[in-house]
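Note sheet for the following structure.
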There are 2 protein chains.
Amino acid sequence: MSVTVLRLGHRLVRDDRTTTHVALVARAFGCKKIFMTEVEDSIIRRIGRVCDDWGGSSEFDIEVIQDWKSVIKAWKKNNGIIVHLTMYGLNIEKMSLYFKEEKNILIVIGASKVPKELYSMADMNIAVGNQPHSEIAALAIFLDRLFRGKELVYSFQNANMTIVPSSHGKRVIIRKLKKSSLAGCK
Amino acid sequence: MSVTVLRLGHRLVRDDRTTTHVALVARAFGCKKIFMTEVEDSIIRRIGRVCDDWGGSSEFDIEVIQDWKSVIKAWKKNNGIIVHLTMYGLNIEKMSLYFKEEKNILIVIGASKVPKELYSMADMNIAVGNQPHSEIAALAIFLDRLFRGKELVYSFQNANMTIVPSSHGKRVIIRKLKKSSLAGCK
C-alpha cells in the first residue's frame, strides 16, 4: 500500500502557509507523493529543502497538476481508492479503517469548498469529526490512525540532520560535518 | 482536567490562516480556551462565528495576551502542567500519555521558532514525530491521543447547524429555521 495526497483549491498567497503545512504533514506522516494545483514555486522549493535537510528526497515527490479529475480517474482505473476528507463525511471515530494491502490510497483534501462532484467520485467521504477545523489536522489524524503511529518513528534516508529526542532542549546530529556532532540547545 | 492552548509567535498576515486553523482545532478537539498573542481582530471574529454557527460559544474562549511568560508562571502556580509541542522533544509514540485528572494542561505551540527558555519552563517537551511538519497537526494528534478519540464525537451546546454524517454528500440540520431541515447536498 502506498498513500498519496491530492490537495485541491490552493488560493495564491492566502493559502501559502497552509499548503506548505499540508505538504510537510504528507511527507512526515508517511505519504509517498502529493499532487497540488497552482502552487507557488517557493512552496515546492521549501519542501525540497526540508527533504534535503531532514531526508526523504528520494522517498517523497511533488507533482503540480492542472486537472484534478483526470488524476482521480486514473487512480480509480488503476484500482486505487479515493478517500475524501470532509467534515460532512462519516465520522472516522465510528469506522474501522481497513484497506487491502495491495490498494493504493489517494487522500483528497480541499483548501476551501471543494467541487460537489468530488463527493460522488470519492469511494469514501470520511470526517475527522463533524466540526469545522483544518484539513491539515484531518490529514494528520487520518494518517496517524491508518499507520497506527508507526509513521512517527520512521527514519528518512539521506538525512543531513537528525534530531536526538530530548526532554529539555534541542539536540541535532548534523551529518554534513562528516562526523556526528551534537549541536545542543540553540 | 481541562486543556488550554497557548499559541506563540503569530506573525501578522503571514500566519493568519494557520493561527485560525490552530484555534479551530483547539475548539473542535476539546480544549476550553486558547491564549493568543497579537492576532488580528478578524481571526477572533471568525472563530466567534464558528462558535455561533456550530456551537460552543459558552464552552470555548479566546484571550489575547501580551506576556506569555506570566501566563505560564500563573499556570504552574495553580498546579497546572505545561506541555510544549516541539519536534525536538521526546517522541509521543514512545510515551504513555497519563495525566492526573485534577491537573489542568496548558499546551504551548509556536508559529515559528520559540524562545529558548520555553524548553526549560515546560514540564514536558513532546514531539509528534521528530520531523518538521505543522503545529496544527501536532496539536490535533496530541489531543486525539489524550482524549482517545472521544473529542471527535462531542456535541457542542447551542449549535445552529449540525452535520448529519453522510457517505456521499452534505447533510446539515439548521436550527435557525426552528424546525429540522435537511439542506441536502449543496
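Tabulated data for the structure shown
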quantity	calculated
Residue-normalised accessible area of region A:32-179, given per residue in Å² at a 1.4 Å probe	49
Region B:29-37 - phi-based ³J(HN,Hα) in whole Hz, Karplus 6.51/-1.76/1.60, Gly and Pro as x	9, x, 7, 8, 7, 9, 9, 9, 10
Contact order normalised by residue count of region B:52-186, Cα under 8 Å, 6+ apart, percent	28
A:Met95 - accessible surface, heavy atoms, 1.4 Å probe, Å² rounded to 10	50
A:Glu38, B:Glu59, A:Glu117, reordered so the largest accessible area comes first (probe 1.4 Å)	A:Glu38, A:Glu117, B:Glu59
Interface burial for B against A (accessible surface, 1.4 Å probe, total of both chains, Å², rounded to 100)	5000
CD proxy at 222 nm, helix term only [per DSSP H run n ≥ 4: -39500 (n - 2.57); per residue of the protein assembly as shown; nearest 500]	-8500 deg cm²/dmol
Sequence-separation-based contact order of region A:1-68, relative, with Cα cut under 8 Å and 6+ spacing, percent	38
Residues of region A:4-29 with amide N under 17 Å of the 7 Å Cα→Cβ point at A:Ser112	A:7-20
Label-point gap, in nm, between B:Lys69 and B:Asn158 - each point 7 angstrom along Cα→Cβ	3.7
At R0 = 30 Å, FRET efficiency that the Cβ-Cβ distance of A:Asp41 and B:Lys150 yields, to 0.05	0.10
Centroid-to-centroid separation of region A:28-44 and region A:71-143 [C-alpha atoms, Å]	17
Carbon plus sulfur fraction of accessible area for the protein assembly as shown, probe 1.4 Å, in percent	50
Heavy-atom accessible area ranking, 1.4 Å probe, most first, across B:Ser120, B:Ser57	B:Ser120, B:Ser57
Heavy-atom accessible area ranking, 1.4 Å probe, most first, across A:Lys170, A:Lys73	A:Lys73, A:Lys170
Where only alpha carbons of chain B are counted, the Rg and the Dmax (Å)	17.5, 54
Extension gain, A:Ser58 back to A:Ser167 (0.36 nm per residue minus Cα-Cα distance, nm)	36.1 nm
Amide H partners (placed H, <5 Å) of B:Ile34, local residues excluded	B:Val5, B:Asp61, B:Ile62, B:Glu63
Relative contact order, percent, region B:1-119 [alpha-carbon distance under 8 Å, six or more residues apart]	39
Phi to ³J(HN,Hα) by Karplus 6.51 cos²θ - 1.76 cosθ + 1.60 over region A:129-146, Hz, x for Gly, Pro	x, 9, 10, x, 8, 7, 5, 5, 5, 4, 4, 4, 5, 4, 5, 5, 6, 5
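The values are calculated or read from the model by the stated rules, or taken from the named source; none is laboratory data. No experiment lies behind these values; they were computed from the predicted model shown. Methodologically, a virtual Cβ is constructed for each residue, glycine included, from the backbone with ideal geometry; neighbour enumeration extends over all protein chains shown. SASA here: full protein model, heavy atoms, side chains in, ligands and nucleic acids out. Shrake-Rupley method; radii C 1.70, N 1.55, O 1.52, S 1.80 Å.
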